[in-house]
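Beneath this line is the structure, given in structure tokens, with notes to follow.
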Amino acid sequence: MIKCIDITDLKVGMYIHDLNCDWTSHPFFRKRFLLKSDDEIVKISDAGIREIYIDTEKGLDFRHARTVEEVNSTLHKEMVEIVSRPQASIIALSFAEEVGRANRIKNEAHALVKTVMQDVRLGKAVEIEQIDPMIESITESVLSNSGALLTLLRIKNKDDYTFLHSVSVGTLMIAFGRSLGLDKETIRLAGLGGILHDTGKALVPDEILNKPGRLTEEEFDIIRKHPQDGYDILCKTKGIEAIPLDITLHHHERVDGSGYPYKLPGDKISTMAKMAAIVDVYDAITADRCYHKGMSPTDALRKIFEWSKYHFDPVLVQAFMRCVGIYPVGTLVMLESGKLGVVIEQHATNLLAPKVKIMFSSKSNTYLKPEIIDLSRPLGFGGGDKIIRHEAPEKWGINPLRFM
């Protein structure tokens with residue numbers, strides 16, 4: 001049985017099933033292993049981990065701990081309650097209408113970030129005037145239909161991950177800032193900070209950056225230098241402003257003081273840096289890497305919500321969930337009727353009742369003629385169904401993008 005326990009209840013002889021943190025936050029080669037020494041417990045605690053999952057069939061038990069099912073059920077209920085609160089959302093164009101422009105922006109932004117990183121490696125200065133037009137294009141796409149670009153950006157391969165991650169973080173910061181009602185200039189700077197936040201990784205050797213496995217402690221120390229390196233590089237950039245610098249330097253800080261490079265407590269971290277920390281981890285853990293399978297957006301939001309007790313600002317995490325929704329555009333979902341469908345558009349105010357394109361019956365295990373239903377409407381008016389959970393596309397052999 002998988003159980004969640006507090007770090008203070010961890011004992012030698014327990015089997016770690018999940019370190020319960022994003023992959024960049026722990027120094028272990030594996031996420032699952034038998035605890036053999038008190039030194040390992042100290043190492044886990046020093047990494048800022050406060051709760052951990054153990055496998056009681058492979059190691060010692062802790063009788064009164066919650067099971068993973070109990071934890072997830074409680075988290076899901078709380079998340080549903082949070083996103084049930086009305087959240088204004090303006091969708092000017094449908095996914096189909098925006099996806100062409102979004103795909104072009106993705107490709108152009110990827111090429112731009114790659115050029116910026118290569119220039120930094122060569123000792124050239126970052127030119128803000130090159131990036132600003134791309135920020136404007138991303139903002140226009142987000143204002144038209146944020147789901148289009150964000151859905152496309154979830155598709156990354158190991159060769160372009162570093163560059164597309166920066167584009168994703170910039171895009172998510174723009175969407176997040178817009179949902180919080182920030183002014184246009186602040187949103188621009190948030191997007192710029194997102195795109196430039198990993199500039200320091202240009203100085204990390206490729207063999208470390210793209211290593212197909214866990215990093216050694218020495219390699220991990222090199223990676224941890226990238227916020228300061230990026231900040232130092234950008235400080236030499238003509239026209240750079242405070243917000244992008246702040247995001248670059250502090251996006252790995254955590255509100256409990258367990259982050260890096262300065263282990264700042266929450267009251268010393270700016271709101272913008274706290275937003276960037278959430279966005280950065282969300283995009284990182286939803287991406288497939290050569291050493292781990294990416295989570296679904298729904299699972300990623302649940303983990304970030306769980307971690308917000310210690311690592312992230314809980315109020316901002318809740319705001320981020322309302323920004324992207326528990327079931328973001330592109331998510332494969334199971335409906336009460338047993339039909340499978342893909343979320344194609346969020347409802348303007350009800351994030352639990354999006355438009356879904358149904359195409360498969362789990363009861364008969366057969367494809368259906370694709371049909372769009374609006375879950376905010378009653379039966380007989382194009383609705384009458386309800387999402388009960390998200391599904392892994394690989395489980396059903398379905399590519400959601402085919403039906404967008």
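The values are calculated or read from the model by the stated rules, or taken from the named source; none is laboratory data. Being a predicted model, the structure only gives us computed values, none of them experimental. FYI the Cβ positions are ideal-geometry reconstructions off the backbone, even for glycines, and counts take in every protein chain you see.
With respect to being out of contact with any Ser or Thr (no Cβ under 7 Å at 6 or more places or on another chain), within 25 Å of Ala348 (Cβ to Cβ), of a type in the set (A, V, I, L, M, F, W, C) and without any contact (Cβ under 8 Å) to a residue 60 or more places away in the chain, Leu152 fits the description.
Pick from Pro227, Pro212, Pro205, Pro244: which is out of contact with any Pro (no Cβ under 7 Å at 6 or more places or on another chain), in the same structural domain as Lys309 (by TED's automatic domain parsing), crowded, with 20+ Cβ neighbours inside 10 Å and not small (Gly, Ala, Ser)? Pro244 is the lone residue from the list that is out of contact with any Pro (no Cβ under 7 Å at 6 or more places or on another chain), in the same structural domain as Lys309 (by TED's automatic domain parsing), crowded, with 20+ Cβ neighbours inside 10 Å and not small (Gly, Ala, Ser).
Pairs are defined by a Cβ separation below 8 Å, a sequence spacing of at least 6 or placement on different chains, a first member in the stretch 117-146 that is closer than 17 Å to Thr248 by Cβ, and a second member that is of a type in the set (S, T, N, Q) and outside any helix (DSSP H, G or I); the pairs so defined are Ala125/Thr237; Val126/Thr237; Glu127/Thr237; Ile128/Thr237. Step by step: first the residues of the stretch 43-64, then only those that are farther than 20 Å from Ile304 by Cα and under 28 Å from the mean Cα position of the chain (by Cα), then the one that is surrounded by the fewest Cβ atoms within 10 Å (Cβ to Cβ). Which residue is that? Once the filter is applied, the top-ranked residue is Lys43. Only one of the listed residues (Arg377, Arg289, Arg322) is in contact with a Gly (Cβ under 6 Å, 6 or more places away or on another chain), at pLDDT below 95 and of a type outside the set (A, V, I, L, M). That residue is Arg377. Please verify whether the stretch 191-198 includes one or more residues that are surrounded by 21 or more Cβ atoms within 10 Å (Cβ to Cβ), within 20 Å of the chain's Cα centre (by Cα) and outside any helix (DSSP H, G or I). Yes: one or more hits. Taken as a whole, the condition of being among the β-branched types (Val, Ile, Thr) and either at pLDDT below 95 or more than 18 Å from the chain's Cα centre (by Cα) (or both) does not apply to Val315. Screening Gly383, Gly330, Gly341 for residues that are at pLDDT 95 or above and either over 21 Å from Ile82 (Cβ atoms) or outside any strand (DSSP E or B) (or both) leaves exactly one candidate, Gly341. Hey, any hits in the stretch 254-271 for a residue that's more than 25 Å from Ile187 (Cα to Cα), in a loop (DSSP other than H, G, I, E, B), in contact with a Ser or Thr (Cβ under 6 Å, 6 or more places away or on another chain) and without any contact (Cβ under 8 Å) to a residue 60 or more places away in the chain? No, the stretch 254-271 contains no residue that is more than 25 Å from Ile187 (Cα to Cα), in a loop (DSSP other than H, G, I, E, B), in contact with a Ser or Thr (Cβ under 6 Å, 6 or more places away or on another chain) and without any contact (Cβ under 8 Å) to a residue 60 or more places away in the chain.
Within the stretch 304-322, the set of residues being in contact (Cβ under 8 Å) with a residue 60 or more places away in the chain and in a helix (DSSP H, G or I) comprises Phe305, Glu306, Trp307, Gln318, Ala319, Phe320, Met321, Arg322.
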